[in-house]
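Q: Below is a structure I'd like to ask you about.
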Amino acid sequence: MDSTSPEPSLYTVKAVFILDNDGNRLLSKYYDPELYPSMKEQKTFERNVFNKTHKADNEIAFLEGMTIVYKSSIDLFFYVVGSAQENELMLMSVLNCLFDSLSHILRKNVERRCLLENMEGVFLVVDEIIDGGVILESDPQQVLQKVNYRADENPLTEQSVAQVLQSAKEQIKWSILK
């Protein structure tokens, strides 16, 4: 085996961040403390990544010795960062899991306002997918199950009028059948 190739590592993800369509940080987690140790360095890196990717139609970028996979939705940009040698498919599976999990939690309204209103759920999802740079889960259904999120457990105040009416009809129907 080539002695110059790096040792395999479970520490796949170097960073995850979500930016709005102006390049402002909404969420970021850096897992390698030596990569960008200060907030200023992190924001500079994020700005450089955003400038390189926000008008591109690609899904992968290489910048500052990092492999970056990304996806956009309405007014958000999702990024997963790994080392230059990292497998892009592994990073993409993390990105897709993050996006699909958040899409479910945000009821397919993957936009800035909804994301900000549900930040605690967003952080829970990120923490279930990645821990310290190690990928724990890449199946959105498993992530949603672990964060105990189910659409049918929402409080009444979060349900639409149609959902409340449908629920009431079902309860009446079942009480009549009994």
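Q: Using a 1.4 Å probe on the protein heavy atoms, what percent of the accessible area of region 13-151 belongs to carbon and sulfur? It would help to have the intermediate numbers written out before the result.
A: On the way: 3210 of 6920 Å².
Ligands and nucleic acids excluded, carbon and sulfur give 46 percent.
Q: How high is the relative contact order of region 13-151, in percent, with contacts defined as C-alpha pairs under 8 Å that are six or more residues apart?
A: On the way: 199 pairs, mean separation 30.7, N = 139.
In percent, rounded to a whole number, it is 22.
Q: Could you compute the FRET efficiency for M119 and N148, with r as their C-beta to C-beta distance and R0 at 22 Å, rounded to 0.05? Intermediate results must be reported in sequence, preceding the final value.
A: Details: r = 17 Å, r/R0 = 0.77.
After rounding, the FRET efficiency stands at 0.85.
Q: Please state the shape class of region 13-151: rounded when a/c is under 1.5, otherwise prolate if a/b exceeds b/c and oblate if not, all from the C-alpha gyration tensor.
A: On the way: a/c = 1.59, a/b = 1.31, b/c = 1.22.
Prolate is the answer for region 13-151, as a/c is 1.5 or above and a/b outweighs b/c.
Q: Here's a follow-up. Rounded to the nearest 20 Debye, what is the dipole magnitude of region 1-88 about its Cα centre when Lys and Arg each give +1 and Asp and Glu each give -1 at the C-beta? Spell out each step's value before the answer.
A: On the way: 9 positive and 14 negative charges, 70 e Å.
Dipole size: approximately 340 debye.
Q: Heavy atoms only, probe 1.4 angstrom, no DNA, RNA or ligands counted: give me M90, M119, M39 ranked by accessible area, highest first. Walk me through the numbers on the way to the answer.
A: Details: M90 85, M119 35, M39 110 Å².
Solvent-accessible surface, decreasing: M39, M90, M119.
Q: With respect to the cross-link table entries K108/K146; K43/K146; K43/K71, which display a Cα-Cα separation exceeding 28 Å?
A: K43/K146
Q: Which length gain, in nm to one decimal place, applies between Q85 and D32 when the Cα-Cα distance is subtracted from 0.36 nm times their residue separation?
A: Values: separation 53, 0.36 × 53 = 19.08 nm, distance 1.53 nm.
The span from Q85 to D32 would gain 17.6 nm if fully extended.
Q: Right, something else. Which of rounded, prolate, oblate describes region 16-93, given a ≥ b ≥ c as roots of the alpha-carbon gyration tensor eigenvalues and a/c under 1.5 marking rounded, otherwise prolate only if a/b is larger than b/c? Don't skip to the end; give the middle numbers.
A: Values: a/c = 1.60, a/b = 1.06, b/c = 1.51.
It comes out oblate by the Cα gyration axes.
Q: Additional query: Relative to a virtual label point 7 Å from the Cα of L10 in the Cα→beta-carbon direction, which members of region 16-44 show backbone nitrogen distances below 20 Å?
A: Within reach of a label on L10, which here means backbone N under 20 Å from a point 7 Å along Cα→Cβ, region 16-44 contributes 16, 30-34.
Q: If each of D139 and E111 carries a label point 7 Å out from its Cα toward its Cβ, how far apart are those two points in nm?
A: Rounded to a tenth, the inter-label distance reads 3.3 nm.
Q: Between R25 and E170, 0.36 nm times their residue separation minus their Cα-Cα distance comes to what?
A: Working: separation 145, 0.36 × 145 = 52.20 nm, distance 4.36 nm.
Taking R25 through E170 to full extension adds about 47.8 nm, to one decimal.
The values are calculated or read from the model by the stated rules, or taken from the named source; none is laboratory data. A quick note: this is a predicted structure, and the numbers were derived from the prediction, not measured. Note that each Cβ is placed from the backbone with ideal geometry, even for glycine, and that neighbours are counted across all protein chains shown. Protein only, heavy atoms only, side chains kept; ligands, DNA and RNA dropped before computing areas. Shrake-Rupley method; radii C 1.70, N 1.55, O 1.52, S 1.80 Å.
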